[in-house]
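Peer 1: Mind looking over this structure? Questions follow.
The values are calculated or read from the model by the stated rules, or taken from the named source; none is laboratory data. On a predicted model such as this, the values are computed, not experimentally measured, just so you know. Note that each Cβ is placed from the backbone with ideal geometry, even for glycine, and that neighbours are counted across all protein chains shown. These accessible areas exclude ligands, DNA and RNA; they are computed on the full protein's heavy atoms, side chains included. Shrake-Rupley method; radii C 1.70, N 1.55, O 1.52, S 1.80 Å.
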Amino acid sequence: MIASVTAWIEVVMLTQWVYPLVGTLIFLDCFFPVLPSEIPLNMVGAWSASQGYPHIPMMFFVAILAAIVGDNLCFLLGTRLMTLVNRVQKGTKAYEGLAWVKRNMRRGGGAAIIIARFIPSARLFMTILLGSMRYPWPLFFFFDIIGVSIWAAQALAIGFVGGKAFSDSPAVAMIVSIIAAVIIGFGLQKAQNAVLEWWDTRRGYAETP
């Protein structure tokens, strides 16, 4: 089973189809953050480091383009997608992401847009809410480019480092890179949440959306 999955991944990684496939996953992740699109980018970075392909700059460009198109389309459809926000169940991960977005929008849209790109549920709700609020689109576009560029670079970089460390085994490199990305992402989010909760307390912001 593992061997067949690895063989299938190898076939995809060694063809031009890897670019539209990963780009499509990133685009869909903007609307349906079920499988974080950081994972395929980690995999591409790891495989590229160990095997020399896919081409990292090309994948970086594809990732940025797909994420920007997805984010901005979600932004433009913000009013019509507000039903998604209204259906969020309290106590879920999505609700936590929504609460984060509503608190941080008070601090400043620019920084929140950049940070939200690293939190799957938060980036979805951020684009919907800002779109529904008629937030200035040029500003959203500008900050989204910054956030997407940093996000894509770090996702590919984590995979690339793992691929270099396990260059003789691309499958192991991908697994290690994904695990490292999850651990790093979880740690950064925890640290960020702690700092933001402390700042919320000082400024008297409510915990609920």
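Peer 1: Could you give the length gained on full extension between residue 164 and residue 179, defined as 0.36 nm per residue of separation minus the Cα-Cα distance, in nm?
Peer 2: Numbers: separation 15, 0.36 × 15 = 5.40 nm, distance 1.53 nm.
That pair, residue 164 and residue 179, stretches by 3.9 nm at full extension.
Peer 1: Let me ask something else. Run the simple label-point estimate for residue 146 and residue 77 please: 7 Å along Cα→C-beta, distance reported in nm.
Peer 2: A separation of 2.7 nm, rounded to one decimal place.
Peer 1: With a 1.4 Å probe and all protein chains in place, put 102, 90, 164 in order of accessible area, largest first. Numbers along the way, then the final one.
Peer 2: Working: 102 75, 90 150, 164 125 Å².
My answer, sorted largest first, is 90, 164, 102.
Peer 1: A further question on this structure: Quickly work out the residue 14-to-residue 133 label distance, labels modelled 7 Å from Cα along the C-beta direction, and quote it in nm with one decimal.
Peer 2: 5.0
Peer 1: Still on this structure: I need the shape label for segment 119-163. Rule: rounded when a/c is under 1.5, else prolate if a/b > b/c, else oblate, with a, b, c from the alpha carbon gyration tensor.
Peer 2: On the way: a/c = 6.98, a/b = 2.24, b/c = 3.12.
In terms of gyration-tensor shape, oblate.
Peer 1: How high is the FRET efficiency from residue 61 to residue 90, r the C-beta distance, R0 35 Å, rounded to 0.05?
Peer 2: Working: r = 40 Å, r/R0 = 1.14.
That gives a FRET efficiency of 0.30.
Peer 1: What order do 96, 38 take when sorted by accessible area (1.4 Å probe), most exposed first?
Peer 2: Working: 96 100, 38 30 Å².
Result of the area sort, largest leading: 96, 38.
Peer 1: Ok, one more. So, with +1 on the Cβ of K and R and -1 on the Cβ of D and E, and no other charges, what is the size of the charge dipole of segment 15-165 about its Cα centre, to the nearest 20 debye? Walk me through the numbers on the way to the answer.
Peer 2: Numbers: 12 positive and 5 negative charges, 122 e Å.
Computed about the Cα centre, the dipole is about 580 debye.
Peer 1: Moving on to the next point. Heavy atoms only, probe 1.4 angstrom, no DNA, RNA or ligands counted: give me 47, 17, 137 ranked by accessible area, highest first.
Peer 2: Working: 47 5, 17 190, 137 110 Å².
My answer, sorted largest first, is 17, 137, 47.
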